[in-house]
Amino acid sequence: MNLTTGPLRGLAALTLTAVTASTMITTPVAAFAAESGTKSLHLRKGLTLTIPKSWKVYKVEKDWLRVVTGSCARPGASGFGFREPECDSFWVMGPEAIKKGDEFFNAYTPDRPFYPSTDVPPCPFDKDLSLIGYTLASKGLRQIGPGRKAYYRNWSGKCANHKVKYLNQREWFLPKSKILIIDQWNTPGLSTILKNATWS
């Protein structure tokens, strides 16, 4: 099915639990170092993001990490995972999520928006609307720290039911590092945070 015209399809139920300082989307330990209003979020392959201290991090399952940046109706809700609406956030995905990140749980590629789904999901910012399709708004390469560039895609999504609203799903994909960052909320400052990331 073509996501630009047809409905999206659903995701298996996931359990959303808070990440502790010793939990991470990969085998290494995640550490959050707070300094002057920020903390360090250590991810796979040595990628480190400096994020505001107020942002909260939740591990959904292996290689599914949600960074909540504002209000969130149910940040710890189980059974929804990526489908949980009304939660200002962005995602950091690893290899297991990337393997099933397209329709019918096929592997994600930058040629189609991330959504491992077999039914019509709720709109990210309005649970009363359904997300019914995407079109490609822009693409290119974007800097993720020194010396690394990600495949960048900006997908325009349409939500509809009794009214119509639109969203943008921004994606940064690093195929060699097997890292995918997904933002459906136009998170303020995220592009700069990614550009200023570090690698170890």
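The values are calculated or read from the model by the stated rules, or taken from the named source; none is laboratory data. Note that the structure is a prediction, hence the values are computed from the model and not measured. FYI the Cβ positions are ideal-geometry reconstructions off the backbone, even for glycines, and counts take in every protein chain you see. Accessible surface areas use protein heavy atoms only, side chains included; no ligands, DNA or RNA. Shrake-Rupley method; radii C 1.70, N 1.55, O 1.52, S 1.80 Å.
Quick check: is even one residue across the range 105-118 among the small types (Gly, Ala, Ser) and open to solvent by less than 10 Å² (accessible area, probe 1.4 Å)?
yes
Output the number of the condition that residue 26 fails; it satisfies all remaining conditions of (1) in contact with a Pro (Cβ under 9 Å, 6 or more places away or on another chain); (2) of a type in the set (Val, Ile, Thr); (3) at pLDDT below 50; (4) open to solvent by 30 Å² or more (accessible area, probe 1.4 Å).
Against the list (1) in contact with a Pro (Cβ under 9 Å, 6 or more places away or on another chain); (2) of a type in the set (Val, Ile, Thr); (3) at pLDDT below 50; (4) open to solvent by 30 Å² or more (accessible area, probe 1.4 Å), residue 26 comes up short only on (4).
Condition first: in contact (Cβ under 8 Å) with a residue 40 or more places away in the chain and crowded, with 16+ Cβ neighbours inside 10 Å. Now tell me which residues in the range 126-144 satisfy that.
126, 130, 131, 132, 133, 134, 142, 143, 144 - these are the residues of the range 126-144 that are in contact (Cβ under 8 Å) with a residue 40 or more places away in the chain and crowded, with 16+ Cβ neighbours inside 10 Å.
Going by the conditions given, is residue 101 crowded, with 17+ Cβ neighbours inside 10 Å, at positive phi, modelled with pLDDT under 90 and not hydrophobic (A, V, I, L, M, F, W, C)?
no
Of the conditions (1) more than 14 Å from residue 194 (Cα to Cα); (2) touching a strand residue (DSSP E or B) at 6+ places or on another chain (Cβ under 6 Å); (3) part of a loop (DSSP other than H, G, I, E, B), residue 138 satisfies every one except a single condition; which number is it?
For residue 138, the exception is condition (3).
Since residue 67 meets every condition but one in (1) surrounded by fewer than 21 Cβ atoms within 10 Å (Cβ to Cβ); (2) within 13 Å of the chain's Cα centre (by Cα); (3) of a type outside the set (D, E, K, R), which condition does it not meet?
Failing condition for residue 67: (1).
Can you pull out the residues in the range 156-200 that are part of a loop (DSSP other than H, G, I, E, B) and open to solvent by 60 Å² or more (accessible area, probe 1.4 Å)?
161, 162, 163, 176, 178, 185, 186, 188, 196, 200
Return yes or no: is residue 89 open to solvent by 20 Å² or more (accessible area, probe 1.4 Å) and not basic (Lys, Arg)?
no
Could you please find all residues in the range 125-156 being at pLDDT below 95 and within 26 Å of residue 41 (Cβ to Cβ)?
Within the range 125-156, 125, 147 meet the criteria.
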